[in-house]
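Below you'll find the structure, written out as structure tokens, and then a few comments.
The values are calculated or read from the model by the stated rules, or taken from the named source; none is laboratory data. This is a predicted model, so every value here is computed, not measured. Positions of Cβ are generated from backbone atoms using ideal geometry, with glycine treated the same way; all protein chains shown enter the neighbour counts. Side chains included, ligands, DNA and RNA excluded: accessible areas come from the protein's heavy atoms. Shrake-Rupley method; radii C 1.70, N 1.55, O 1.52, S 1.80 Å.
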Amino acid sequence: MKGKYKVTRYKGVPVENDSSGNYVIRKDDKNTYKLHDWRTGKHTRGKYKELGQIFLTENNMMVAVVATYPVKFKDRHDFTPLQRFTSDFVDADILVDAKKRLDE
């Protein structure tokens, strides 16, 4: 099929910069957070390198990758496409904390 591309689902946690410029998990009013799913799209820029890498959503929200899963091309519309990968990564302790939510 013409135009087919590899699709990967990324389970990620929204992050933001603290006052020192370090990445921290973005939490809600109850001081909790959830993991969400995004996928590569036809126009996604940048390359995925490893867990903890930060990408931007189409709304320019920063998200750190916690897990990846393959997706069949025909199932790609079940997930929101991401905009682009950055060259930034979160610290290991943030990644460990976010991975604890994978089983919830």
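Of Lys49, Lys30, Lys74, which is the most mobile in a GNM of the chain whose springs link Cα atoms less than 10 angstrom apart? Most flexible of the set in this elastic network: Lys30.
Residues within the reach of a label modelled at Glu50 (point 7 angstrom out along Cα to beta-carbon, backbone nitrogen below 11 Å), restricted to region 66-104, are 92.
Checking a compactness column here: for the chain, what do you get for Rg(Cα) / (2.2 N^0.38 Å), N being the number of residues? Please report the intermediate quantities before stating the final value.
Details: Rg = 13.8 Å, N = 104, 2.2 N^0.38 = 12.8 Å.
Output field value: 1.08.
With a 1.4 Å probe and all protein chains in place, put Asp103, Asp28, Asp93 in order of accessible area, largest first.
Values: Asp103 145, Asp28 80, Asp93 105 Å².
Accessible-area ranking of Asp103, Asp28, Asp93, largest first: Asp103, Asp93, Asp28.
The simple spin-label model puts a point 7 Å past each Cα toward its Cβ; for Asn22 and Lys99 those points are separated by 1.9 nm.
Would you be so kind as to identify which of Phe73, Val63, Gly12 lies farthest towards the positive end of the dipole of region 7-104, taking Lys and Arg as +1 and Asp and Glu as -1 on Cβ and the Cα centre as origin? Towards the positive end, the residue furthest out is Phe73. Protein heavy-atom accessible surface, 1.4 Å probe, per residue over region 1-98: 64 Å².
For the chain, which whole percent of the accessible surface, found with a 1.4 angstrom probe, sits on carbon and sulfur atoms? Please report the intermediate quantities before stating the final value.
Details: 3060 of 6890 Å².
Carbon plus sulfur share of accessible area: 45 percent.
Less than 12 Å Cβ to Cβ from Asp75, Lys/Arg counted +1 and Asp/Glu -1: what total charge do the surrounding residues give?
Working: positive: Arg9, Arg39, Lys72, Lys74, Arg76; negative: Asp37, Asp78.
For residues surrounding Asp75, the net value is +3.
Remind me, relative contact order of the chain in percent, using alpha carbon pairs under 8 angstrom and six or more residues apart? Worked out over the chain, it gives 34 percent.
Peptides 78-89, 55-66 ranked from most to least packed by the mean count of surrounding Cβ atoms within 10 Å: 55-66, 78-89.
Using the Cβ of Met61 as centre and a radius below 11 Å, the other residues enclosed give a net charge of -1, where K and R count +1 and D and E count -1. With the gyration tensor restricted to C-alpha atoms of region 50-95, the semi-axes of the equivalent ellipsoid amount to 21, 14, 8 Å, longest first.
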